[in-house]
Amino acid sequence: MKVVKRINNNAVMCIDSKGRSVVAFGKGIAFAIDKETGDLKLSVIERTFYNVDEHYLALLEELNPPVLALSADIIEAADFELPYELSPNAVLALADHITFAIQRAKKGIDIRMPLAYDVAQMYSAEYRLGEYAVEQISRKLMVDLPKSEAVGIAMALLNASLTPANEDDTVAQAEKDNEIVDRITRIIEDEYGIEVDRKGFEFARFATHIHYLLGRIRKGEPMSTDGSELYGVVRSQSKIGAACLDSTVDLIRAEFDEEITDSEKLYVLMHIMRISRPRA
């Protein structure tokens, strides 16, 4: 493979023999690049990720290699078990989810999953994969997650699905959702008096969350975590952020005639606060 960009010590962007862009991952892989030719020996590559959105590449700087490797194993198992295709970003998105789950577990934070029974019944394959993931995290990473985290992982897999029923409808929905993301972003810019970095990773994460939120609204699938208590605490930390959130909720109500839960409000608010931070 020909290396075109070094991401960090453990990940590089390459072009394979068929001219396809691929992220190659392996411990210390950047030190194995031939200095004269820029070639990379296949023997040093542990994982390859094709068609990764460039916004997700920033995650490779943050993710622990064992977490990334385990997430790749889980997605590989999911590819065999699930009847639909997963996004090329699924491995990185799941690794991000697991990273936060591990951080919560180490801090003793257990988020309740009031819809756990419903998820287990309606999405049994995803739930079984979630249980498998929790077991693997305990065995390979030596971190015991609450059993309820199987629901969170199941929902992460559902969010990573690519299941367009009709291509024209899918394109129209994507355009509509992009318009809503843009309107929410302009609300944030007006309230904070800033210009949001639309090319940054935090914005990509924010936009992805809004897309997933709108998708769940269309499917009638409320978020599976209860964040009502924490929502009040986070909301009290930022009057401007709360104002942005309220305008966002009004916008969603006007577009879909739906109310969103406090759990969704919590995560939308956290994303609003992240993308409104001054650039470094």
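Look at the stretch 38-57 and say how many of its residues are closer than 24 Å to residue 86 by Cα, assigned to a loop (DSSP other than H, G, I, E, B) and aliphatic (A, V, I, L, M).
Summing the residues that are closer than 24 Å to residue 86 by Cα, assigned to a loop (DSSP other than H, G, I, E, B) and aliphatic (A, V, I, L, M) in the stretch 38-57 gives 2.
Determine, yes or no, whether residue 71 is open to solvent by 20 Å² or more (accessible area, probe 1.4 Å) and of a type in the set (Gly, Ala, Ser).
For residue 71, the condition - open to solvent by 20 Å² or more (accessible area, probe 1.4 Å) and of a type in the set (Gly, Ala, Ser) - is not met.
Return the total of residues in the stretch 6-27 being open to solvent by 40 Å² or more (accessible area, probe 1.4 Å), farther than 14 Å from residue 44 by Cα and either assigned to a strand (DSSP E or B) or in contact (Cβ under 8 Å) with a residue 24 or more places away in the chain (or both).
Of the residues in the stretch 6-27, 4 are open to solvent by 40 Å² or more (accessible area, probe 1.4 Å), farther than 14 Å from residue 44 by Cα and either assigned to a strand (DSSP E or B) or in contact (Cβ under 8 Å) with a residue 24 or more places away in the chain (or both).
Return only the number of the condition from (1) at pLDDT 90 or above; (2) within 19 Å of residue 97 (Cβ to Cβ) that residue 194 does not satisfy.
(2) is the only condition that residue 194 fails.
Residue-by-condition table, conditions (1) in a loop (DSSP other than H, G, I, E, B); (2) open to solvent by less than 20 Å² (accessible area, probe 1.4 Å):
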| residue | (1), (2) |
| --- | --- |
| 36 | yes, no |
| 59 | no, yes |
| 78 | no, yes |
| 88 | yes, no |
| 100 | no, no |
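Checking the condition over 29 Å from residue 250 (Cα atoms) and at pLDDT below 85, which residue from 212, 127, 132, 123 passes?
Just a single option satisfies the conditions, and that option is 123.
Residue under question is residue 19, and the condition is that it be over 29 Å from residue 264 (Cα atoms) and touching a strand residue (DSSP E or B) at 6+ places or on another chain (Cβ under 8 Å); does it hold? Before you say what the answer is, go through the steps one by one.
Values: over 29 Å from residue 264 (Cα atoms): yes; touching a strand residue (DSSP E or B) at 6+ places or on another chain (Cβ under 8 Å): no.
No: the conditions fail for residue 19.
The values are calculated or read from the model by the stated rules, or taken from the named source; none is laboratory data. These numbers were taken from a predicted model, which means no experiment stands behind them. Note: ideal-geometry Cβ built from the backbone for every residue, glycine included; neighbour counts use all protein chains shown. Calculation scope for accessible area: heavy atoms of the full protein, side chains included, ligands and nucleic acids excluded. Shrake-Rupley method; radii C 1.70, N 1.55, O 1.52, S 1.80 Å.
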